[in-house]
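The values are calculated or read from the model by the stated rules, or taken from the named source; none is laboratory data. Quick caveat: nothing in here was measured; it's all calculated off a predicted structure. Note that we place each Cβ from the backbone using ideal geometry, even for glycine, and neighbour counts take in every protein chain shown.
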Amino acid sequence: MSHPSVEDIKINSRRLRGTLQQGLEDPVTGSLSFDDQRLVKFHGSYQQDDRDLRDERRRQKLEPAHQFMIRIRAPGGVFTPTQWLHLDHIATTWANHSLRVTTRQTFQFHGVIKRELKATMQAINAAALDTIAACGDVNRNVLGASNPLQSRLHAQVHEWTQQLSSHFLPRTRAYYEVWLDEAKVASSGEEEEPVYGATYLPRKFKIAVAVPPSNDVDVFANDLGLIAIVDSQGDLAGFNVAIGGGMGASHGDANTYPRLGNVIGFVRPDRLLALVEAVITTQRDYGDRVERKHARFKYTIDTHGVDFIVAQIQQRAGFELEPVRSWSFAHNGDRLGWARSEDGLWHLTLSLPSGRIADRPGTPHLSGLREIARIHHGQFRLTANQNLTIAAVAEGERERIDALVAQYALDSENNATTALARHAVACVALPTCALAMAEAERYLPDFVSALEPLLDRHGLREAPILLRISGCPNGCSRPYLGEIALVGKAPGRYNLMLGADHRGQRLNTLYRENIAEADILAALDPLLGRYAAERNEAEGFGDFLHRAGIVALPPYPTHRQIPVELHP
Ligand code: SRM
Ligand code: SF4
């Protein structure tokens, strides 16, 4: 039997309700219907199965070990200590005893079974959080720069991430009816969706706000990237606007490719919402509704041309964009360790292994952060590089936090022996991700250990080389912006990509295809050797590979590189 298209499922869903309520109550299966699996994404959840158990269960003629991933909506990635304790309770009661910081500054839970899904959603609501539009063909979690040094700007940017997120939430009450038992009213199933309409967007849509000199959100990897521009008093003057970034691709399909955003102009804060609405509705009306692999905004722009899309945006917004203002990014990583912000408060950024917070032998991170949440009066901030900042700590509180950090080995990654290990990013991949072709999160520690002797031999322990690993070409760890990246091809085999910069402004290039660890190390060894011997002062590995002519820009059709500094 062929399944209906996602477009048909959306239009027939009565504003994202489908048969979710009945499906959740069906005791016969741990799964939802095909249509409801598509719809539950809009509510922030994915049906998955434990792939480690798949073959065994098939042999035993059992249905797959169905379980659900739940993603929180957390614009800008800020949580209170009370919320942390709620999340910890949820993780240890209904999920797999871990909290997973994602590359979009939020938490995921894994391993929730269907009959406990509703209780989990209600517990999230009790923490004054929700999961609306964390997945699905809508505007997703809005990223905001997490640089702990700029407290005033951080607050302003955070405010914007929240406004953008709530302004572009779907208006349907489906979430409240299905999960929170809100009574149905006359308009249930027919609510106005003034921005999205009945079929929502053709595909997911992502927004990020960066604050130079840090590009910690990889602003050019987003459908809509906003670069905060500061006035002479240090306040927010407005945003440069970049459109059409995205990472996802499919192996062997040249019609799919990663792409960096085009910087199209500058907008003042009071016009931002109108501008973003114009961008989103342009994608809503011109995005490909037939081929989902070709439906992201980046392809809409390449199909219709940047000039046409910009004209549409300006016409819909009712004003013209101002000329791009100058900006310069220094790096796209996190600043680890303690930092003091302008307001005198302290912030401790901890590197987390692939963002996974769990209790493991020797590194009881989940317990340690629970203890910190019990005494902390500030905030927890997640970064888009899967790390965590214990933020807004008063001078007198630092000692207690430091003691707990040491007691629970929360600094294990900050003390990792190589800078590469401290800043590496890996996507979830196996065993939960249905699309994974190779390991990523679970492989990262092994790969980093295998690479360490090479880095040592070439005196590169402290070289801040940016490594990213993804279990498939969808690019959830933004691998195409890694100076070194492994993109999963098959179990134990990866495409080796090289040559991005460390500012998120140049894509990397395929260097070796479908190779295993020994060949990856053999390919990297001479390059690291040359880098150690021939690099200029402060030159990044990716920049060196380009200068030395070892890699060129990738062959994708558009937008592979943005000038290091743009001074129009
Ligand atoms: Fe992603 C699909 C995990 C950030 C591009 N992503 C998935 C799914 C839901 C697999 C699926 O569709 O069945 C993965 C769930 C794995 C699991 O078991 O948890 C998944 N993506 C993740 C996370 C958790 C990776 C991580 O290790 O942190 C990130 C969650 C972000 C969040 O909190 O919202 C995550 N995904 C990204 C990013 C990075 C970003 O947004 O900055 C990208 C590349 C940027 C982009 O969108 O172009 C990304 N994910 C994709 C794609 C390719 C989309 C495309 O149109 O090209 C897919 C597949 C799809 O949508 O069909 C995908
Ligand atoms: Fe899964 Fe691929 Fe995303 Fe990794 S990159 S989480 S394997 S979809």
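Some points to look at:
- Scan of the stretch 462-482 for residues that are crowded, with 24+ Cβ neighbours inside 10 Å, over 15 Å from residue 443 (Cα atoms) and free of Cβ contacts under 8 Å to residues at least 60 places away in the same chain, ordered by number: 482
- Tabulated pairs, the stretch 121-137, first over 21 Å from residue 15 (Cα atoms), second of a type in the set (Asp, Glu), C-beta under 9 angstrom, 6+ apart or interchain: 124/130
- For the stretch 68-104, a residue qualifies if it is over 18 Å from the mean Cα position of the chain (by Cα), within 22 Å of residue 40 (Cα to Cα) and β-branched (Val, Ile, Thr), and the qualifying residues are 90, 93.
- In the stretch 258-298, the qualifying residues are those that are of a type in the set (Phe, Trp, Tyr) and in contact with an Asp or Glu (Cβ under 9 Å, 6 or more places away or on another chain), and the one that is nearest to residue 475 (Cα to Cα) is 297.
- Selection count, the stretch 18-33, where residues are surrounded by fewer than 21 Cβ atoms within 10 Å (Cβ to Cβ) and either among the basic types (Lys, Arg) or not in a helix (DSSP H, G or I) (or both): 8
- Of all residues in the stretch 34-60 being in a loop (DSSP other than H, G, I, E, B) and of a type outside the set (Gly, Ala, Ser), the one that is modelled with the highest pLDDT: 43
- Out of 145, 237, 208, 174, one residue alone is under 26 Å from residue 300 (Cα atoms) and in contact (Cβ under 8 Å) with a residue 24 or more places away in the chain. It is 208.
- Flag for residue 442 being without any contact (Cβ under 8 Å) to a residue 60 or more places away in the chain, within 16 Å of ligand 2 (Cβ to nearest atom), surrounded by fewer than 22 Cβ atoms within 10 Å (Cβ to Cβ) and not hydroxyl-bearing (Ser, Thr, Tyr): yes
- Residue among 531, 494 that alone is closer than 27 Å to residue 456 by Cβ and in contact with a Leu (Cβ under 6 Å, 6 or more places away or on another chain): 494
- Filtered by the rule that a residue be among the acidic types (Asp, Glu) and within 16 Å of ligand 1 (Cβ to nearest atom), the stretch 244-297 gives 253, 288, 291.
Rundown of residues vs (1) surrounded by fewer than 22 Cβ atoms within 10 Å (Cβ to Cβ); (2) out of contact with any Pro (no Cβ under 7 Å at 6 or more places or on another chain), yes/no style:
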site	(1), (2)
319	yes, yes
326	yes, no
330	yes, no
342	yes, yes
351	no, yes
354	no, yes
361	yes, yes
365	no, yes
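- Residue list for the stretch 61-102, filter: closer than 22 Å to residue 474 by Cα, in contact with a Ser or Thr (Cβ under 6 Å, 6 or more places away or on another chain) and not in a strand (DSSP E or B): 72
- Residues satisfying the stated conditions in the stretch 103-151, i.e. among the polar types (S, T, N, Q) and either within 12 Å of ligand 1 (Cβ to nearest atom) or part of a loop (DSSP other than H, G, I, E, B) (or both): 103, 105, 106, 108, 131, 139, 141, 146, 147, 150
- Taking the listed residues 182, 159, the one that is without any contact (Cβ under 8 Å) to a residue 12 or more places away in the chain and part of a helix (DSSP H, G or I) is 159, with no other qualifying.
- When residue 418 is tested against (1) closer than 25 Å to residue 217 by Cβ; (2) among the hydroxyl-bearing types (Ser, Thr, Tyr); (3) exposed (fewer than 15 other Cβ atoms within 10 Å of the Cβ), just one condition goes unmet, and that condition is (3).
- For the stretch 432-452, the count of residues that are on the phi < 0 side of the Ramachandran plot, among the acidic types (Asp, Glu) and away from ligand 1 (no atom under 16 Å from the Cβ) is nonzero.
- When residue 461 is tested against (1) closer than 30 Å to residue 65 by Cβ; (2) more than 16 Å from ligand 1 (Cβ to nearest atom), exactly one condition is not met: (1).
- Looking at 511, 494, just one residue is surrounded by fewer than 23 Cβ atoms within 10 Å (Cβ to Cβ), in contact with a Gly (Cβ under 8 Å, 6 or more places away or on another chain) and aromatic (Phe, Trp, Tyr), and that residue is 511.
- Screening residue 472 with (1) touching a Leu at 6+ places or on another chain (Cβ under 6 Å); (2) more than 13 Å from ligand 2 (Cβ to nearest atom) gives one miss only, at (2).
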